[in-house]
Amino acid sequence: MHSMVEVHVKVFLGLSLEPWFLYYALDVKDLMFIKMLDSYTIIGYIGALVLMVAVIMNQLGRWQINDFEYDFINFIGSLILTVYTWQIGCYPLMSLFIVWSVFSAKNVLGDVLKQLFKKDKKKEIEKENVKEEPKKE
């Protein structure tokens with residue numbers, strides 16, 4: 001029987017002809033790869049991926065920091081990461097994501113209210129234009 005260190009080194013260097021998955025069955029509790037695949041970590045990866053989408057789209061110039069899409073994706077990603085950090089008990093980082101979520105939610109709500117206000121304003125202008133049209137005699 002090989003020691004775990006020897007097995008990992010051989011697998012890492014590709015020196016073993018046996019399938020790599022057989023080595024993971026030797027001692028699962030010591031393998032970081034298997035530990036990383038719990039549900040909490042998957043939630044963390046999803047949240048990080050969502051935030052990365054916002055950053056990448058902003059860097060590519062497709063979204064500006066004032067765009068609704070950018071604010072919404074930031075809100076969703078920071079909310080997911082808030083849940084993740086709460087689940088793993090990382091409270092200092094959780095406070096960062098709570099603040100991020102609050103400010104992103106404020107921006108999303110502001111964007112939604114702006115759109116609603118613009119629609120209402122257009123309707124009012126249309127009503128005023130109809131009233132102001134001169135009657136033909």
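Things worth noting here:
- L113 at pLDDT 95 or above, within 27 Å of V53 (Cα to Cα) and of a type in the set (A, V, I, L, M, F, W, C): no
- Of all residues in the stretch 57-88, those satisfying the criterion of being in a helix (DSSP H, G or I), more than 12 Å from the chain's Cα centre (by Cα) and of a type in the set (A, V, I, L, M) are M57, I88.
The values are calculated or read from the model by the stated rules, or taken from the named source; none is laboratory data. These numbers come from a predicted model, not from an experiment.
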